[in-house]
Amino acid sequence: MAKGDGNKIIDRMSKYLEDLCQTTEAYGKQALEQCGKKCPSNRGVYVFYKGVKPLYVGRSDRIKTRLQQHGNGKVSAKYSPAAFAVIVAKERLLRKRHPEYIETPMRDIWNLKEFKAMKYGKVKDCKDFRRFFCQAQKQICAMRVGIVQIDDPNEQSIFEVYAHLELDTPYNSFRNH
């Protein structure tokens, strides 16, 4: 990337967002077919919707595979391929353990000490977590997904954060680990 390219990238963000929001498809075979048409390079950014509400933005250089991993109906106990499902499962587990958080918005859940302490290695064998994880993957399978092709990894990174901020996706967090 050459000096001064940052402004050029920033200038493309609103167009990417427009394209992303116009490409929503039902998850599954239709979305994967659309992915091949809208994103032939297989590199880009995606967003999952529940109804009209955007919930989670992600990016990948293997977007078809990544979409399948999130919730392809093959429910597994694997952690890394299904980050969105893990976040949803941890949220549900926290709310079950702490009913006082039932009405707490997800953006505030991220900041709770209890949520931060729910490392995958500590909860993966919990019966409730596994149940919530499987439910989350099944729900993801019923969501709509939007896709936009972005080949450059710098633009993907910037756009992922930009889309999260513009769409107000509650299941994304860009805090350091």
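The values are calculated or read from the model by the stated rules, or taken from the named source; none is laboratory data. If you're wondering where the values come from, they're calculated on a predicted model, not measured in any experiment. When we count neighbours, we look across all protein chains shown, and the Cβ atoms used for this are built from the backbone with ideal geometry, even at glycine.
Miscellaneous remarks
- Of the residues making up region 130-176, those that are more than 15 Å from Ser60 (Cα to Cα) and among the hydrophobic types (A, V, I, L, M, F, W, C) are Phe132, Phe133, Cys134, Ala136, Ile140, Cys141, Ala142, Met143, Leu165, Leu167, Phe174.
- Criterion: farther than 24 Å from Asp168 by Cα and more than 15 Å from the chain's Cα centre (by Cα) - qualifying residue of Arg130, Arg95: Arg130
- For region 52-99, taking the residues that are polar (S, T, N, Q) and under 17 Å from Gln137 (Cβ atoms), the one that is modelled with the lowest pLDDT is identified as Ser76.
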